[in-house]
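Right, one structure below, let's go through it.
The values are calculated or read from the model by the stated rules, or taken from the named source; none is laboratory data. Owing to the predicted nature of the structure, the values given are computational and were not obtained by experimental measurement. Note that we place each Cβ from the backbone using ideal geometry, even for glycine, and neighbour counts take in every protein chain shown.
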Amino acid sequence: MSFVPIRLKGGLLAGIYLINTVTAMLPVVYHWMAANVAGHTKRPFAMGFVSAGFALGNLIGPQTFQAKDAPDYTPARVTVLATLVAGALMSVLIYLYYRVVNAQRDGRAQARPDDLGVDEKWGNLTDKENRSFRYVY
C-alpha cells in the first residue's frame, strides 16, 4: 500500500487488507506479554505499559494523515510501513532473546537439577528471579 502506484487498484486493496491484519495481532501481543512476565506486581505493570502504548499509537497514528498530504499521504504511508517493520524486527529480536535465555537456564538446570526449592516454585518471583521460569515463543 505504501509504494504501489495509485493506478494499480488491486495492489492498493491488498495493502489495505494486509494493514488490517495488525488488529488481529493485539490479542496475541497481550497473551505473549502475560505469558512471558511473572510476578504479581510486574505482570500487571507490564500489561499496563502495553495497553498504554496501544492507546498512544491509536491517538498519534491518525494524526500522521494530514490534509496537506492528500491524496497520496506519503508521510503517513512511510510512518505505517516504518512502525510495522519496527514491530516485526522487535518480534524477531525478542524471540532470539527468549531462546538464548531459555538455553542458558536449561544449561544451568542440567548442571544442578535438584536445586529448586518450594519458594521458587510457588513464591512471588519475577521471570528474572525464578530460575525455573521459561519464556514462551
Checklist entry - Tell me, which helices (runs of 4 or more DSSP H) lie completely within segment 36-137 with 2 or more residues that are closer than 30 Å to PHE3 by Cα? => result 42-60, 74-111
Checklist entry - Which numbered condition trips up SER2, out of (1) in a helix (DSSP H, G or I); (2) touching a residue at least 24 places away in the same chain (Cβ under 8 Å); (3) polar (S, T, N, Q)? => result (1)
Item to check | For ILE16: the one exception among (1) under 20 Å from TYR137 (Cβ atoms); (2) touching a residue at least 12 places away in the same chain (Cβ under 8 Å) | outcome: (1)
Next on the checklist: Just to check your reading of the model, which residue among VAL37, VAL80 is of a type in the set (A, V, I, L, M, F, W, C), touching a residue at least 40 places away in the same chain (Cβ under 8 Å) and touching a Lys or Arg at 6+ places or on another chain (Cβ under 6 Å)?
Outcome noted: VAL37
Item to check | Every pair of residues 6+ apart whose Cβ atoms lie under 6 Å, when the first sits in segment 126-137 and is closer than 21 Å to VAL29 by Cβ and basic (Lys, Arg) while the second is at pLDDT 90 or above and surrounded by 14 or more Cβ atoms within 10 Å (Cβ to Cβ) | outcome: ARG134/ASN102
Next on the checklist: I'm told PRO27 meets every condition in (1) in a helix (DSSP H, G or I); (2) surrounded by 12 or more Cβ atoms within 10 Å (Cβ to Cβ); (3) out of contact with any helix residue (DSSP H, G or I) (no Cβ under 8 Å at 6 or more places or on another chain) except one. Can you identify the failing condition by its number?
Outcome noted: (2)
Item to check | Options ARG131, ARG112: the member that is farther than 30 Å from PRO44 by Cα, at pLDDT below 85 and of a type in the set (Lys, Arg) | outcome: ARG112
Next on the checklist: I want to confirm something. Restricting to segment 5-24 and keeping residues that are assigned to a helix (DSSP H, G or I) and touching a helix residue (DSSP H, G or I) at 6+ places or on another chain (Cβ under 8 Å), which single residue is farthest from PRO75 (Cα to Cα)?
Outcome noted: VAL22
